[in-house]
Amino acid sequence: MIPRLALAALGAFPFFVASTTARAASIEENGRQIAACLEASAKISGVPRGVLLVLLYVEAGRPGMVSPNSNGTADLGPMQVNTTWVDRIARRWHSTPAQTYAALRDSSCANIEAGAWILGQAMHEAHGDLWQAVAFYHSHTPRHGNAYLRRFYDIALTMMARNRRDDRS
C-alpha cells in the first residue's frame, strides 16, 4: 500500500510544482499591478508613493475584507477605507454608493486609489503637513492619530531595514 501511495504522490508532484509555480507567477503579477496602482494613485493624488506603501502595510487589509468598527462603520479592502467615505468617493467616481462599496471592498487598485485620494484630502486639511495627514488618515482624535503615527513609523523603519538587508544579499 505504501509503495502505491508513494508512486501516486510522485505522479502528482509535477502538478504540485506547476501549481506552485503558477501561484508564484500570479503573486508576482499581482505585486506588479499593486506597484503600478500605488505609482498612479500617488501621482494623481499628489502624495508620496512610499507613504502609500507604508499605509498599505499599516492597514494590513486585503481584497474582500470588511472590518466592522464599534461605531457602526466598517473598514474596507487593502487600505481599510472607512465606509464614511463611500458617498464622497461615489460622487468622485460618478458611481452609486453600492458600486463604490463593492469596488472599495473587492478591488485592490480602486481601494488604493481611494486611499491615496483620502490621504490627499487629509494633506489639504493639514495644510501640507504630511505627518498630520497620516494621523488624519486614521483618526482626527489626537490620541488615536498619534498612536497610528507611532505604528506607521515602526513599520516604515522595519521596511527600510528589511530593504537594506535585501540590498546587501
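The values are calculated or read from the model by the stated rules, or taken from the named source; none is laboratory data. Quick caveat, the model's predicted, so the values are computed rather than measured. Here Cβ is always computed from backbone atoms with ideal geometry, including for glycine, and neighbour counts include all displayed protein chains.
Summary table
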item	result
Pairs, first within 21 Å of Gly72 (Cβ to Cβ) and surrounded by 13 or more Cβ atoms within 10 Å (Cβ to Cβ) in region 82-107, second modelled with pLDDT of 95 or more and among the acidic types (Asp, Glu), C-beta under 6 Å, six or more apart	Asn82/Asp75; Pro97/Asp87
Complete set of residues in region 46-64 that are out of contact with any Asp or Glu (no Cβ under 8 Å at 6 or more places or on another chain) and buried (at least 17 other Cβ atoms within 10 Å of the Cβ)	Val47, Val51, Leu52, Leu53, Val54, Leu55, Leu56, Val58
Asn111 vs. criteria farther than 27 Å from Gly31 by Cα and either out of contact with any Ser or Thr (no Cβ under 6 Å at 6 or more places or on another chain) or free of Cβ contacts under 8 Å to residues at least 60 places away in the same chain (or both)	no
